[in-house]
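See below for the structure under consideration.
The values are calculated or read from the model by the stated rules, or taken from the named source; none is laboratory data. Quick caveat: nothing in here was measured; it's all calculated off a predicted structure. Positions of Cβ are generated from backbone atoms using ideal geometry, with glycine treated the same way; all protein chains shown enter the neighbour counts.
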Amino acid sequence: MLLSTCCDPQENAAYIDELTQLSIGGKRIPVVFFEEAPREGLDAVIVDNKAASREAAEHLLAIGRKNIAYIAAPMHRFMMGKKRYEGYLAALLNAGLEPDAKLVREGDYTPQSGYREMRALLNSGKPIDAVQCGNDQMAVGAVRALREAGLRVSEDVAVMGFDNNFPGTLIDPPLSTVSVPKQGMGRAAVELLLWRIAEGENAPARTVKLETSLLVRRSTDPNATSEWDLNDW
């Protein structure tokens, strides 16, 4: 059984309550969470969203960008969105930059929201030389808004995504992003589930953390080699 909550704590809790009431032959149904488990004693496969987002922001700083806007995934409802935003803030503070609340907008994961919030940022009149987005879909929308405004993506405004989803490889320029090991997480979750079945419900909870990687493509570096690689997403 595969259930999706998009890291919504309320939906996580509802699913836990429902699943813990189910049993087969008196035994509880084993559960493995992607991202962080909502409470102690539950198995999970995770990545460090905060550290990965900080690395992405540090890349933007390293290429000389100082006015870095942020289009966040929902921060008050989703743990993942909050942690990715915290990584962006940590990078700015570590670089001695004061975060500007007027450069932060909140989207809803969709390209349409990225487009809408990027237009709002441009209309704010604040100087912007980079935008970091909470996922790739919003970054794709941001790219469209920048192009419509007559701005060059990378040269004028660098764009950074997160997740390394397929649409980011199709736009021009291809999207710099944080690659989340999606296949690896799925494999690790199945292995963890099989371990839990074998060990039983009394074995201590385990958390498996996998590494992310920063993919620099031409949306932040005009000289990056950004071939269309079906295996690299």
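Here are a few things to note about the model shown:
- Residue list for region 135-162, filter: buried (at least 23 other Cβ atoms within 10 Å of the Cβ) and of a type in the set (D, E, K, R): 136
- Residue among 43, 100 that is charged (D, E, K, R), touching a residue at least 60 places away in the same chain (Cβ under 8 Å) and in contact with a Lys or Arg (Cβ under 8 Å, 6 or more places away or on another chain): 43
Residue by residue, here is whether (1) closer than 14 Å to residue 35 by Cα; (2) of a type outside the set (Ser, Thr, Tyr); (3) in contact with a helix residue (DSSP H, G or I) (Cβ under 6 Å, 6 or more places away or on another chain) holds:
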{"site": "167", "(1), (2), (3)": "no, yes, yes"}
{"site": "175", "(1), (2), (3)": "no, yes, yes"}
{"site": "184", "(1), (2), (3)": "yes, yes, no"}
{"site": "191", "(1), (2), (3)": "no, yes, no"}
{"site": "198", "(1), (2), (3)": "no, yes, no"}
{"site": "205", "(1), (2), (3)": "no, yes, no"}
{"site": "209", "(1), (2), (3)": "yes, yes, no"}
{"site": "217", "(1), (2), (3)": "no, yes, no"}
{"site": "220", "(1), (2), (3)": "no, no, no"}
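- Applying a threshold of 7 Å to beta carbon distances and a minimum spacing of six or more residues, or different chains, the list of pairs starting in region 104-132 at a residue that is free of Cβ contacts under 8 Å to residues at least 24 places away in the same chain and in the same structural domain as residue 71 (by TED's automatic domain parsing) and ending at one that is part of a helix (DSSP H, G or I) and of a type in the set (Lys, Arg) reads 124/102.
- Residue list for region 207-233, restricted to those being modelled with pLDDT under 95, surrounded by 12 or more Cβ atoms within 10 Å (Cβ to Cβ) and of a type in the set (A, V, I, L, M, F, W, C): 224, 233
- Taking region 101-116 as the range and being of a type outside the set (Lys, Arg) and touching a helix residue (DSSP H, G or I) at 6+ places or on another chain (Cβ under 9 Å) as the test, the residues that pass are 103, 104, 106, 107, 108, 109, 110, 111, 112, 113, 114, 115.
- The residues listed here are 132, 112; of these, the one that is at pLDDT 95 or above, crowded, with 19+ Cβ neighbours inside 10 Å and not charged (D, E, K, R) is 132.
- Counting only helices (runs of 4 or more DSSP H) that fall entirely inside region 127-233 and contain at least 3 residues that are farther than 30 Å from residue 43 by Cα, the qualifying elements are 136-148, 167-170.
- Residues of region 39-48 classified as outside any strand (DSSP E or B) and either touching a strand residue (DSSP E or B) at 6+ places or on another chain (Cβ under 9 Å) or outside the structural domain of residue 188 (by TED's automatic domain parsing) (or both), total: 3
- Exactly one residue out of 189, 158, 205 is among the small types (Gly, Ala, Ser) and assigned by TED's automatic domain parsing to the domain that holds residue 71, and it is 158.
- Members of region 65-93 found to be farther than 27 Å from residue 166 by Cα and either basic (Lys, Arg) or touching a residue at least 24 places away in the same chain (Cβ under 8 Å) (or both), listed by number: 66, 67, 90, 92
- Qualifying residue in region 91-103 (condition: over 14 Å from the mean Cα position of the chain (by Cα), more than 30 Å from residue 32 (Cβ to Cβ) and assigned to a strand (DSSP E or B)): no
- Residue in region 61-69 that is at pLDDT 80 or above, in a helix (DSSP H, G or I) and closer than 27 Å to residue 213 by Cβ present: yes
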